[in-house]
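Everything below concerns the one structure shown next.
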Amino acid sequence: MFADIVIIGAGVVGLAIAKELSSIFNCIVLEKHPSFGCETSSRNSEVIHAGLYYPQNSLKTELCIEGNRLIYEFAEKYKVPFNKIGKLVIAVTKEQEEKLISIHENARRNGVCGIEYVSNTYLQKYSPCIKAHSAFISRNTGIIDTHSFMRCLEALAIENGATFSYNSEVIDIKKTNNEFEIFIKIDEGEIFSLKSPIIINSAGLHSDEIASMVGINDENLKINYCKGHYFKLNSSIFDTKHLVYPVTDNNLGLGIHLTLDLNGGLKLGPDTSFLNSRQINYDVPNHLAEKFFTAGQSYIKGLTLEMLSPDYAGIRPKLQKPDENFRDFYITDETARNLDGFINLVGIESPGLTSSLAIAKYVRKLLT
Ligand SMILES: Cc1cc2nc3c(=O)[nH]c(=O)nc-3n(C[C@H](O)[C@H](O)[C@H](O)COP(=O)(O)OP(=O)(O)OC[C@H]3O[C@@H](n4cnc5c(N)ncnc54)[C@H](O)[C@@H]3O)c2cc1C
């Protein structure tokens, strides 16, 4: 069997790439699970980010800002449920104001539109449940129904002629002169192989394992698993029209924030908890409620411990180690390692959902 392009992984990134490339190439998507989006792409905050936090001239900034625009256009066009609900970034205390100003400055430098400081009267009117010293709003931040988004991407890719092979786990890859042979284990344990001159590695938490199958064993590209838990708020007393993100000094995530889903349900999270092993475990232990309560009660009026119940968890595929600073998305054609045609995407953590359509265009440019 032969394909112009083999895409490994049917998360939101692999799906967006399949949709983008299937109009010009014969694409096969290999996914080990029985359906799309069974890992990180269905275990996130479903927030369309605006690009406030990342450094200037980084891929995260560029692809987040472009992806933000593209995802709203896509959602409008294909009727994917979304809400451009806006997000408040808040300084809870006067001491945090400096941090708030620096995030606002960074966003402005990045060229993010729709950011402005808001008054206390505004906060009282639109987010009366929040305690804040000062705040700004990001009007281009929103939420999206990720499952519908992914289902739509898959349908469009299939319409273009892409083939999706589920229950198909890539277990090895051999490089010959001008093509790759990809070995795949299917549901019944049977193994078959597929040849292609181009592989796109969008395997999320396992992308470094796929890279090592072609001989890339770079310590710098090893993924660290960083879990994020969520707790539900079981109370109707909280009134906020926007998502709420307190500023944080934690450079590994955006802090335990308050998000709404499309049905108006509220949740707190995610925290950041590095895992010692690569065992995937999505448990949300009850005892973490204390930590979420402590974080939440600092900025949510009337929150009690009893209002919190475990919700769900996701795992970030981080290139950044716990003691390291910012790491960017890694998206490269590995020609320099003598692996022409191997497009390697590693460390596609947040804002990967927001950036997915822009990542797909970026990959297309690498190929055409
Ligand atoms: C807690 C949390 C909150 C987040 N919040 C947001 C947010 O609000 N906004 C935002 O923009 N981003 C957010 N993100 C990031 C976003 O979810 C990810 O960047 C995005 O889902 C990554 O998509 P992906 O397709 O690269 O990876 P995945 O969704 O992990 O997909 C990779 C796929 O590859 C498959 N695969 C792996 N190995 C193999 C193999 N050997 N053979 C075949 N298939 C294989 C997997 O089964 C999987 O389906 C968040 C992430 C987390 C963890």
| message | With the requirement that a residue be away from the ligand (no atom under 16 Å from the Cβ) and over 28 Å from residue 140 (Cα atoms), what does segment 240-284 give you? | response | 276, 277
| field | Residue list for segment 171-184, restricted to those being in a strand (DSSP E or B) and without any contact (Cβ under 8 Å) to a residue 60 or more places away in the chain | value | 171, 172, 173, 174, 181, 183
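Among the residues of segment 6-23 satisfying the criterion of being touching a Ser or Thr at 6+ places or on another chain (Cβ under 7 Å) and of a type in the set (Gly, Ala, Ser), which is surrounded by the fewest Cβ atoms within 10 Å (Cβ to Cβ)?
Top of the filtered list is 11.
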| query | Of the residues that sit in segment 182-204 and are surrounded by fewer than 15 Cβ atoms within 10 Å (Cβ to Cβ) and small (Gly, Ala, Ser), which one is nearest to residue 282 (Cα to Cα)? | reply | 189
| field | Where residue 15 falls short, out of the listed (1) within 10 Å of the ligand (Cβ to nearest atom); (2) more than 27 Å from residue 157 (Cβ to Cβ) | value | (2)
| field | residue 228 vs. criteria crowded, with 19+ Cβ neighbours inside 10 Å and touching a Cys at 6+ places or on another chain (Cβ under 9 Å) | value | no
| Going by the structure shown, is residue 207 farther than 16 Å from residue 4 by Cβ, surrounded by 15 or more Cβ atoms within 10 Å (Cβ to Cβ) and among the small types (Gly, Ala, Ser)? | yes
| note | Selection from segment 232-249 of residues in contact with a strand residue (DSSP E or B) (Cβ under 7 Å, 6 or more places away or on another chain) and assigned to a loop (DSSP other than H, G, I, E, B) yields 234, 238, 240, 242, 247
| request: Having 3 or more residues that are under 17 Å from the mean Cα position of the chain (by Cα) and crowded, with 19+ Cβ neighbours inside 10 Å is the bar; report the helices (runs of 4 or more DSSP H) wholly within segment 36-140 that clear it. | output: 59-78
| Can you spot a residue in segment 285-307 that is of a type in the set (Ser, Thr, Tyr), closer than 23 Å to residue 12 by Cα and at pLDDT 95 or above? | no
| remark: Those residues of segment 294-306 which are crowded, with 20+ Cβ neighbours inside 10 Å and out of contact with any Gly (no Cβ under 9 Å at 6 or more places or on another chain) amount to 296, 299, 300
| field | Every residue from segment 215-225 that is part of a loop (DSSP other than H, G, I, E, B) and either within 8 Å of the ligand (Cβ to nearest atom) or surrounded by fewer than 20 Cβ atoms within 10 Å (Cβ to Cβ) (or both) | value | 215, 216, 217, 218, 222
| Mind checking which residues of segment 285-330 are of a type in the set (Lys, Arg), assigned to a loop (DSSP other than H, G, I, E, B) and within 16 Å of the ligand (Cβ to nearest atom)? | 327
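Kindly indicate whether any position in segment 142-155 is part of a strand (DSSP E or B), within 15 Å of the ligand (Cβ to nearest atom) and not aliphatic (A, V, I, L, M).
Among the residues of segment 142-155, at least one is part of a strand (DSSP E or B), within 15 Å of the ligand (Cβ to nearest atom) and not aliphatic (A, V, I, L, M), which makes the answer yes.
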| field | Boolean, residue 198 is of a type outside the set (Ser, Thr, Tyr) and within 13 Å of the ligand (Cβ to nearest atom) | value | no
| request: Please state which one of 253, 264, 228 is assigned to a loop (DSSP other than H, G, I, E, B), farther than 30 Å from residue 173 by Cβ, touching a strand residue (DSSP E or B) at 6+ places or on another chain (Cβ under 8 Å) and not aliphatic (A, V, I, L, M). | output: 253
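Taking the condition within 12 Å of the ligand (Cβ to nearest atom), in contact with a helix residue (DSSP H, G or I) (Cβ under 6 Å, 6 or more places away or on another chain) and either in the same structural domain as residue 37 (by TED's automatic domain parsing) or more than 18 Å from residue 218 (Cα to Cα) (or both), does residue 355 pass?
Yes: the conditions hold for residue 355.
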| message | Given (1) free of Cβ contacts under 8 Å to residues at least 12 places away in the same chain; (2) within 12 Å of the ligand (Cβ to nearest atom), identify the lone condition not met by residue 63. | response | (1)
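The values are calculated or read from the model by the stated rules, or taken from the named source; none is laboratory data. These numbers come from a predicted model, not from an experiment. For neighbour counting, all protein chains shown are included, and Cβ atoms are generated from backbone atoms with ideal geometry for every residue, glycine included.
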